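Please treat every number below as a calculation from the coordinates, not as lab data. Remember, it's a predicted structure, so these values are computed and weren't measured experimentally. Neighbour counts run over all protein chains shown; Cβ positions are idealised from the backbone, glycine included.
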Amino acid sequence: MPKMKTKSGAAKRFKIRAGGSVKRSYAFKRHILTKKTTKCKRQLRGTTEVHSTNTASVRAMMPYA
């Protein structure tokens, strides 16, 4: 059997943590920032965990992670 391919878009967006959860960054931080408040932009920094309902589909896109 040939090797399964990792979805390259998913590989750029997600990382698998040591405990098995999937790390992601926040959306809505790239452009049109003038109308967003400073508080909103500050809270979009950093990373968070992929919701449990989406974890299985993300892991399916990255079979060797």
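Test of understanding: in a Gaussian network model of the chain with alpha carbons linked when under 10 Å, which of Arg13, Arg30, Arg45 would top the mean-square fluctuation ranking?
Of Arg13, Arg30, Arg45, the most mobile in the Gaussian network model is Arg30.
Determine, for Val22, Val58, the number of other Cβ atoms within 10 Å of each Cβ, and report the residues in order from fewest to most.
Details: Val22 21, Val58 18.
Least crowded to most crowded, the residues run Val58, Val22.
With point charges of +1 on the Cβ of Lys and Arg and -1 on the Cβ of Asp and Glu, referenced to the Cα centre of the stretch 8-61, which listed residue (Ala60, Ala27, Thr37) lies farthest in the positive direction of the dipole?
The residue sitting most towards the positive pole is Thr37.
Based on the Cα gyration tensor of the stretch 8-61, what are the three equivalent ellipsoid semi-axes, each the root of five times an eigenvalue, rounded to whole Å and given largest first?
26, 12, 9
If I model a spin label at Ala18 and Lys41 as a point 7 Å from the Cα along the Cα→Cβ vector, what separation in nanometres do I get?
A separation of 3.5 nm, rounded to one decimal place.
Apply the Karplus curve 6.51 cos²θ - 1.76 cosθ + 1.60, θ = phi - 60°, to the phi angles in the stretch 32-47 and return the couplings in whole Hz, x for Gly and Pro.
Here the 3J(HN,Hα) series is 6, 8, 5, 8, 8, 6, 4, 4, 4, 5, 5, 6, 8, 6, x, 10 Hz.
Return the subset of Lys12/Lys36; Lys7/Lys39; Lys5/Lys36; Lys15/Lys41 for which the Cα-Cα distance in this structure is over 28 Å, preserving the input order.
Table pairs above 28 Å Cα-Cα are Lys7/Lys39; Lys5/Lys36.
Hey, in the GNM for the chain with a 10 angstrom Cα cutoff, which one of Thr47, Thr38, Thr55 fluctuates hardest?
Thr38
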